[in-house]
Ligand code: BGC
């Protein structure tokens, strides 16, 4: 164990506090000192609520920082092939920047990830109108989605680096029906995986589609565009979209198109053939339900490999087309077009208006459960 890692392990462990300052679980130095670790620090305030930054460290010395503002992944630091540590997540590093409406860097997305066409849907004969925040459509849950909430935080387990965020989205929040109780647990495993477990219950039928909006750049430096990363997606089909990025409803084969990632392709190889760049939902062959590997991203320069496992039936591969240099990383580098990409596990966009797509309506009495794992290694 090198000195840096030892230093983490002898750090005094932490009490996670929920919003009203109540201790929810306390790790002390005696029990968990030489095992995995969680620390918390104050990270500012918004909406009259205190925000915290949690850092999870595993036995390999990987660390993940996550803030209770939006339940947002802020950094994931790991070694590349030559042992140099850097964060593979692109995004800002201060609460102030997160408050200035960035494009969802690392955040929990809800109540409905991606778009709902025409900012409305009909459920059980009643039409619900949502705020339109992306042309005529609703994107990522509305004007104040889950990414802009301060979540309650708790450390559920003193034996593993894990933090759980929870909150209630009230009946009528952003136009959606039903009080929705949501919890999202992040765990950093010793296999260098971030496991994300989502759960939700409601008291009225409502659409739910939760995801995480991490932007990855496996080189650890956004100055290197992700066009040289290679991607594999285990999907025979995808959902083509209209001009405002709403699925047409067709499930189209990827065969013979630039959307065919069944064998690895560099992202830059065929991107010019896709108007605007990649920003589409792939229909996973795994079909959802079971935790299955669905995608793999590699970067030859750093040797890093990111594998994605999910219980979701779809994945949005977004090649950072709208990143415009407005935000900077902790190192001061501008986050520009194609300097990072997202692999957002999900149900298909606009499902509440597409009866042919897998169901996204959660009923009272049911529990929404979804799991996604991002596993990082070097080769
Ligand atoms: C969407 C993009 C959108 C981005 C927000 C992605 O999930 O598919 O169209 O621009 O999120 O930054």
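The values are calculated or read from the model by the stated rules, or taken from the named source; none is laboratory data. Quick caveat: nothing in here was measured; it's all calculated off a predicted structure. Positions of Cβ are generated from backbone atoms using ideal geometry, with glycine treated the same way; all protein chains shown enter the neighbour counts.
To keep it simple, each residue is scored yes or no on (1) in contact with a helix residue (DSSP H, G or I) (Cβ under 8 Å, 6 or more places away or on another chain); (2) buried (at least 18 other Cβ atoms within 10 Å of the Cβ); (3) touching a residue at least 40 places away in the same chain (Cβ under 8 Å); (4) more than 21 Å from residue 201 (Cβ to Cβ).
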{"site": "81", "(1), (2), (3), (4)": "no, no, yes, yes"}
{"site": "118", "(1), (2), (3), (4)": "yes, no, yes, yes"}
{"site": "141", "(1), (2), (3), (4)": "yes, yes, no, no"}
{"site": "159", "(1), (2), (3), (4)": "yes, no, yes, yes"}
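A count restricted to region 103-154 and to residues that are more than 14 Å from the chain's Cα centre (by Cα), more than 12 Å from the ligand (Cβ to nearest atom) and assigned to a loop (DSSP other than H, G, I, E, B) stands at 10. Among the conditions (1) under 26 Å from residue 66 (Cβ atoms); (2) touching a helix residue (DSSP H, G or I) at 6+ places or on another chain (Cβ under 8 Å), the only one that residue 114 does not satisfy is (2).
Checking the structure you have, find out if any residue of region 67-75 is surrounded by fewer than 20 Cβ atoms within 10 Å (Cβ to Cβ), part of a strand (DSSP E or B) and touching a residue at least 60 places away in the same chain (Cβ under 8 Å). No, every residue in region 67-75 fails to be surrounded by fewer than 20 Cβ atoms within 10 Å (Cβ to Cβ), part of a strand (DSSP E or B) and touching a residue at least 60 places away in the same chain (Cβ under 8 Å). Listed by first and then second residue, the pairs with beta-carbon distance under 8 Å, at least 6 apart or on different chains, first residue in region 317-329 and under 24 Å from residue 95 (Cβ atoms) and in contact (Cβ under 8 Å) with a residue 60 or more places away in the chain, second within 8 Å of the ligand (Cβ to nearest atom) and in a strand (DSSP E or B), are 320/342.
Are any residues in region 342-373 in a helix (DSSP H, G or I) and either within 16 Å of the ligand (Cβ to nearest atom) or loosely packed, with under 15 Cβ neighbours inside 10 Å (or both), and if so, which ones? Even if it seems obvious, please write down each step before you answer.
Step one: filter region 342-373 for residues in a helix (DSSP H, G or I), giving 351-353.
Scanning region 342-373 gives a single hit, 351.
Residue 234 meets all of the listed conditions (1) under 24 Å from residue 111 (Cβ atoms); (2) out of contact with any helix residue (DSSP H, G or I) (no Cβ under 8 Å at 6 or more places or on another chain); (3) more than 16 Å from the ligand (Cβ to nearest atom) but one, namely (1).
Does residue 355 fit the bill of being closer than 28 Å to residue 268 by Cβ, out of contact with any strand residue (DSSP E or B) (no Cβ under 6 Å at 6 or more places or on another chain) and without any contact (Cβ under 8 Å) to a residue 60 or more places away in the chain? For residue 355, the condition - closer than 28 Å to residue 268 by Cβ, out of contact with any strand residue (DSSP E or B) (no Cβ under 6 Å at 6 or more places or on another chain) and without any contact (Cβ under 8 Å) to a residue 60 or more places away in the chain - is not met. Residue 339 fulfils the conditions (1) within 14 Å of the ligand (Cβ to nearest atom); (2) crowded, with 19+ Cβ neighbours inside 10 Å; (3) under 27 Å from residue 136 (Cβ atoms) except for a single criterion, (3).
Would you check if there is a residue in region 156-165 being touching a strand residue (DSSP E or B) at 6+ places or on another chain (Cβ under 9 Å), over 27 Å from residue 293 (Cα atoms) and more than 16 Å from the ligand (Cβ to nearest atom)? Before you say what the answer is, go through the steps one by one.
The initial filter retains those residues of region 156-165 that are touching a strand residue (DSSP E or B) at 6+ places or on another chain (Cβ under 9 Å), namely 156-158, 160-165.
From what's left, over 27 Å from residue 293 (Cα atoms): 158.
With the extra rule that they be more than 16 Å from the ligand (Cβ to nearest atom), the set shrinks to 158.
Yes, that holds for at least one residue.
Listed by first and then second residue, the pairs with beta-carbon distance under 8 Å, at least 6 apart or on different chains, first residue in region 92-115 and free of Cβ contacts under 8 Å to residues at least 60 places away in the same chain, second assigned to a loop (DSSP other than H, G, I, E, B) and within 14 Å of the ligand (Cβ to nearest atom), are 98/70; 98/92; 98/105. Every listed requirement among (1) within 16 Å of the ligand (Cβ to nearest atom); (2) over 27 Å from residue 252 (Cβ atoms); (3) surrounded by 23 or more Cβ atoms within 10 Å (Cβ to Cβ) is met by residue 302 save one, (1).
Yes or no: region 182-204 includes at least one residue that is assigned to a strand (DSSP E or B) and free of Cβ contacts under 8 Å to residues at least 40 places away in the same chain. Steps first, please.
Taking region 182-204 as the starting set, the residues that turn out to be assigned to a strand (DSSP E or B) are 182-188, 193-202.
This time we only want the ones that are free of Cβ contacts under 8 Å to residues at least 40 places away in the same chain, so: 183, 185.
There is at least one residue in region 182-204 that is assigned to a strand (DSSP E or B) and free of Cβ contacts under 8 Å to residues at least 40 places away in the same chain.
Only one of the numbered conditions (1) part of a strand (DSSP E or B); (2) crowded, with 17+ Cβ neighbours inside 10 Å is violated by residue 293, and that is (2).
Yes or no: residue 168 surrounded by fewer than 17 Cβ atoms within 10 Å (Cβ to Cβ), within 30 Å of residue 39 (Cβ to Cβ), modelled with pLDDT of 95 or more and in contact with a strand residue (DSSP E or B) (Cβ under 7 Å, 6 or more places away or on another chain)?
Working: surrounded by fewer than 17 Cβ atoms within 10 Å (Cβ to Cβ): yes; within 30 Å of residue 39 (Cβ to Cβ): yes; modelled with pLDDT of 95 or more: yes; in contact with a strand residue (DSSP E or B) (Cβ under 7 Å, 6 or more places away or on another chain): yes.
When the stated conditions are applied, residue 168 passes them.
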